[in-house]
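Each remark here refers to the structure printed beneath this line.
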Amino acid sequence: RSRRTIALSPSLVEELQAHWARQAAERLALGMGRDPAALVFSRIDGAPMQPDSMTKMFARLVARRGSAAE
């Protein structure tokens, strides 16, 4: 519920912008229009994700990546 300013590397800014553009294109292709909140991480319907959703997805990705690297 608060806003903060954080420092991001230029490459991360590019990745986030590309992600946002893909989301917008996907919503338009599904006939959903633009996301009025323009959230970077949202569910397909534009609603905010639960805070622990990203944590759980990241943990699964790390676990898969760890087992694939062995």
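The values are calculated or read from the model by the stated rules, or taken from the named source; none is laboratory data. Treat the numbers as computed from the prediction; the structure is a model and nothing was measured. Counting neighbours? That spans all protein chains shown, and the Cβs are built from the backbone with ideal geometry, glycine included. Quick note on the areas: whole protein, heavy atoms, side chains included, nothing else; ligands and nucleic acids left out. Shrake-Rupley method; radii C 1.70, N 1.55, O 1.52, S 1.80 Å.
Brief remarks follow.
- Dividing the mean sequence gap of close Cα pairs (under 8 Å, 6+ apart) by how many residues the chain holds gives a relative contact order of 16 percent.
- Overall Cα dimensions of the chain - principal axes, largest extent first, Å: 43, 31, 25
- Over the chain: helical MRE at 222 nm, DSSP H runs n ≥ 4 each giving -39500 (n - 2.57), nearest 500: -19000 deg cm²/dmol
- Calculated FRET efficiency for the pair Ser11/Met32, C-beta based, R₀ 35 Å, to 0.05: 0.75
- Here the chain is treated with +1 on each Lys and Arg Cβ and -1 on each Asp and Glu Cβ, and its dipole about the Cα centre works out to around 200 debye.
- Look at the dipole of the chain built from charges on Cβ: of Gly31, Met54, Gln17, the Cα furthest out on the positive end belongs to Met54.
- Take 19-25, 50-56 and order them by the average number of nearby Cβ atoms within 10 Å per residue, most first; the result is 19-25, 50-56.
- Accessible surface of the chain, 1.4 Å probe, proportion on carbon and sulfur as whole %: 60 percent
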